[in-house]
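Undergrad: Quick one: structure below, then a few questions.
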Amino acid sequence: MKATVFRDEAIREQAGRFVWLEIDTDKAQNAAFREQYPVRALPTYLVVEPDREQVILRWVGGATVPQLLGLLDSAEENFVRVRAGGAVALGDGAPGTAVAPADAAADASGSVAAALLAEADLLYGEGKSREAAAKTREAIAVAPDGWSDYARAVESLLVNWSLEGEAAPAARFARARTRRTSASWSCRGSPERFCSLLRCADYPRSELSTI
C-alpha cells in the first residue's frame, strides 16, 4: 500500500480532504492510541470523526486505488450522517428503525442497504464486530441486484465474522455468494483465498472445501 497505492496521484489528490496519519502500533509512545482505538489485525485503516473522536469507518487489509477511493467516499457519507444527528437513518428516516420488507422491495436504488451498511460501519468502528456482522447481513439481504457496495459489504461481513472466530458460517456464506462478488475486491472464490481472508489457517482445509 505505501509503495504503490498511497503514491498514486488519485490518492495524493485526497490530501486536502482528509488528515492522514500513520501509527506504528509497536511503539510504546502510541500506547494511548492503541487503547483508544484497539486494532485486532494489521493493516487496519481507520477514519475518525475529529470532534467526537469516533471511528466512522474501519477497514482491515489492502485495497487498490479505486477501492480506497470508494472507502473514502463511504467514510465521508458516514461523516455527514454522524454530523447530522449521530445516528444512521433507516426505513422511514427514524434513527434505528427496522426496515420493512416493502421498503426494501421498493428500494431499487439501494439507499436502504446503504444506510444499513453505514450503520454497520459505525458498529465496526466501535469494535462491535458481532453487531456489525448482523447489520451487514441485513444490508446484503435487502440490497438490489447490481448494488455498487455489494462486494465491500460481503468483504466486511467476512472480516467481522473472522474476528469473532466464526469461520464455518463465514466460509459457507462466502462459497454461496462468491459468484455475485466482484473480482475487484479481495473475495476471490477459492478455498485458499477464503482461508486467508478469514485468518483460519487452523480450520481443516478438507472441511472448508465441503461446507
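Quick note: the coordinates plus some simple rules give every number you see, no bench work behind them. It should be emphasised that the depicted structure is a prediction, and the values quoted were computed from it without experimental measurement. Neighbour counts are summed over all protein chains in view; Cβ atoms, including those assigned to glycine, are modelled from backbone coordinates with ideal geometry.
Undergrad: Arrange the following residues from fewest to most other Cβ atoms within 10 Å of their Cβ: 121, 24, 149.
TA: In increasing order of surrounding Cβ atoms, one gets 24, 149, 121.
Undergrad: Order 77-85, 112-120 from most to least packed using the mean count of other Cβ atoms within 10 Å. Don't jump to the answer; show the numbers that get you there.
TA: Details: 77-85: 15.6, 112-120: 24.0.
Sorting 77-85, 112-120 by mean packing, highest first, produces 112-120, 77-85.
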